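Please treat every number below as a calculation from the coordinates, not as lab data. Predicted model only: the values in this text are computed from it and were never measured.
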Amino acid sequence: MTRVAGRNVVISWIAAVLCIGVVGALIWFSMPIVPVVASFVGDVLRSTLR
């Protein structure tokens with residue numbers, strides 16, 4: 001990380017860990033929709049290639 005005057009390294013690390021946690025939670029909660037999206041994309045591709 002870049003050193004900026006007035007910024008605390010500990011606080012920036014805590015914020016980074018929290019952000020990674022939020023992104024990880026969003027990915028975890030979106031996992032059940034993956035098979036539905038794959039099925040939808042497959043159906044669309046099959047219908048356009050006929």
Residues VAL10, VAL22, VAL44: which one is under 21 Å from the mean Cα position of the chain (by Cα), part of a helix (DSSP H, G or I) and among the hydrophobic types (A, V, I, L, M, F, W, C)? VAL22
Verdict on ILE27 being assigned to a helix (DSSP H, G or I) and more than 13 Å from the chain's Cα centre (by Cα): no
